[in-house]
Amino acid sequence: METTERETKYGLTFLVPSSLGFIKICSLESDTPFPPIHKGDIIDPRDWRGASFEKYMKLFNYGDLLKADIIYHHIFKNEDGSYGNHDIDIFTKVVKK
């Protein structure tokens, strides 16, 4: 049986506060790692374009920014012992304009 090497994928998910805790507002995927994001960094959702920005606008005002608050890393181990996907969840606070 021929085995193929699994491509490492990187995922980045932004979550915003809601009445039920947090909800996912945007998910991004890449074949290469994302630049580091640290607690306190400001994220401008106006750069998102498309569905994620539309979802954000239903909840918040144009010009409101997000501030990274809690960052969770999920590093997955493959059956062969190697490491594969690396997903990051960024829980944010809203900074009002």
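Some notes on this structure:
- Positions within segment 51-76 being at pLDDT below 95 and of a type in the set (Gly, Ala, Ser), in sequence order: 51, 52, 63
- Residues within segment 40-50 that are surrounded by 10 or more Cβ atoms within 10 Å (Cβ to Cβ) and either at pLDDT 90 or above or within 13 Å of residue 24 (Cα to Cα) (or both), tallied: 5
- Selection of segment 49-69 for residues being in contact with a Leu (Cβ under 9 Å, 6 or more places away or on another chain) and within 22 Å of residue 9 (Cα to Cα) yields only 52.
- Tally of residues being more than 30 Å from residue 81 (Cβ to Cβ) and hydroxyl-bearing (Ser, Thr, Tyr) across segment 8-62: 5
- Residue list for segment 19-52, filter: among the polar types (S, T, N, Q) and more than 17 Å from residue 68 (Cβ to Cβ): 19, 30, 32
The values are calculated or read from the model by the stated rules, or taken from the named source; none is laboratory data. Keep in mind that this is a model prediction, so the values were computed, not measured. As a convention, Cβ positions derive from the backbone with ideal geometry for all residues, glycine included, and neighbour counts pool all protein chains shown.
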